[in-house]
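Just so you know, all these numbers are worked out from the coordinates, no wet-lab data involved. Just so it is clear, the model here is predicted, and its values are computed rather than measured. Methodologically, a virtual Cβ is constructed for each residue, glycine included, from the backbone with ideal geometry; neighbour enumeration extends over all protein chains shown.
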Amino acid sequence: MTSGIEFNNFTALGYLNQKITMKYLITLCLALTLMNATAQTSDVEKKLAELGIQLPVAQKPIANYVKAVRTGNLVFLAGHGPSNPDGTDITGKVGKEMTIQQGYDAARSTGLNLLASLKAEIGDLNKVKRIVKVLGMVNCTETFTDQPKVMNGFSDLMVSVLGEKGKHARSAVGMYVLPKNITVEIEMIVEVEN
């Protein structure tokens, strides 16, 4: 009889230990999940600094329009072009005056200008939930067909800076001419936190 009681106490103690262990494991799993989610949330300004990128001053519109419009949790950014560090436009037709690499660099520059306007609109790039849709227009010759390679300059920048949030749907099209002969013009739609 004594051994039976001890067995029942041992069984009860074992069950209690299993219950405590299970609660511990669940708590540990939740903590690890939270830590992982926190680690995946990056500080965009810190990432820009790590990449050696300083955003330019947001450009002013060249006509009667605004650079960004927010409706709900979406920000629609008007077409932006590329600029040199001194603020002058990057101009030229890809396939004629500009190589694919120069077009790529122009698209990257345009991405920086778009990020500057987005930051001016929402105040903090950490509010970005997702780059949703991009329209890339490449000033090119009628026989040039590598618009996607040019637009990769923009897309690569967004993924480098924003990670998964920077991945987007995209169109890359050729244009025979763009305003002021700029090399690239890009529009962007961004989902942001409320």
Under 5 Å, built H, 5+ apart or other chain: amide partners of Val132: Ile189, Val190, Glu191
Long-range alpha-carbon pairs in the range 64-194, meaning those over 18 Å apart, account in percent for 48 percent
Interchain or long-range residues, amide H under 5 Å from Val94's placed H: Asn139, Cys140, Thr141
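Report for the range 56-194 the percent antiparallel among DSSP-assigned beta bridges with both residues inside it, nearest 5.
The antiparallel fraction comes to roughly 70 percent.
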Quick one: if you stick a label point 7 Å off each Cα along the C-beta vector at Ile62 and Leu74, how many nm between them? 2.7 nm
Considering only DSSP beta bridges where both residues belong to the range 120-194, give the percentage that are antiparallel (nearest 5). 55 percent
So how much slack lies between Tyr176 and Asp86, counting 0.36 nm per residue of separation and subtracting their Cα-Cα distance, in nm? 29.8 nm
Which distance in nm do the two modelled labels at Lys96 and Ala49 give, with both placed 7 Å along the Cα-to-Cβ direction? 4.4 nm
Estimated vicinal HN-Hα couplings, Hz - the range 64-73 in sequence order (Karplus 6.51, -1.76, 1.60; Gly, Pro = x): 7, 7, 10, 6, 8, 10, 9, 9, x, 9
Which of Phe144, Ala116, Ala106, positive extreme of dipole for the range 106-146 (C-beta unit charges): Ala116
Ile189 and Ser160 label points (each 7 Å along its Cα→Cβ direction) are spaced in nm at 2.7 nm
